[in-house]
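Working notes for the structure below.
The values are calculated or read from the model by the stated rules, or taken from the named source; none is laboratory data. Keep in mind the model is a prediction, meaning the values are calculated, not measured. Quick reminder, even Gly has a Cβ in these numbers, built from the backbone with ideal geometry, and neighbours come from all protein chains shown. Ligands, DNA and RNA are stripped out before the accessible areas are found, and what is left, the full protein with its side chains, is counted by its heavy atoms. Shrake-Rupley method; radii C 1.70, N 1.55, O 1.52, S 1.80 Å.
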Amino acid sequence: DAYVLRAQIQISQKDFEDAITSVRAAVALDPYNADLEYQYGLLLFNQKHYTDAIVVFQRVILINKNYDICYNEN
C-alpha cells in the first residue's frame with residue numbers, strides 16, 4: 001500500500017518515471033494482483049513504454065483471463 005500511495009503522490013507531481021519504479025515495487029510484492037498489474041501497464045503505456053506495457057497486459061490476462069479490458073478491440 002505504501003508503494004501505491006507513493007506512486008500516486010509521484011504521479012500528482014508529474015514524476016512518472018519514479019512512479020513507475022514505485023508501482024513496479026508494489027507489483028513485486030503482490031505479483032498475482034491483476035488490478036495492480038493493470039495499473040502498472042497503464043502507467044507504462046501512458047509514458048509511451050509500449051513494449052513493456054504489452055508484456056504487463058499479457059501477464060494480467062494470464063492472471064485473470066476475464067480481464068478483457070487488456071484485449072485490443074482493433
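Tabulated values for the structure
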{"item": "Whole-number percent relative contact order across the chain, with pairs defined as alpha carbons under 8 Å at least 6 apart", "result": "21"}
{"item": "Solvent-accessible area of residue 51 with every protein chain in place, 1.4 Å probe, in Å² to the nearest 10", "result": "110"}
{"item": "DSSP-loop GluC sites (Glu not before Pro) across the chain, with at most 15 other Cβ within 10 angstrom", "result": "73"}
{"item": "Segment 1-50: trypsin sites (Lys or Arg not before Pro) falling in loop per DSSP and having at most 12 other Cβ within 10 Å", "result": "14, 48"}
{"item": "Summed side-chain charge close to residue 36 - residues other than residue 36 whose Cβ falls under 13 Å, Lys, Arg +1, Asp, Glu -1", "result": "-2"}
{"item": "Rounded percent of accessible protein surface that carbon and sulfur make up, the chain, 1.4 Å probe", "result": "53"}
{"item": "Label-point separation, residue 32 to residue 68 (7 Å along Cα→Cβ), nm", "result": "2.5"}
{"item": "Per-residue SASA entry for residue 3, accessible area with 1.4 Å probe, Å² rounded to 10", "result": "90"}
{"item": "Reduced Cα scattering model of the chain, Debye log10 I(q)/I(0), q = 0.23, 0.25 Å⁻¹", "result": "-1.00, -1.13"}
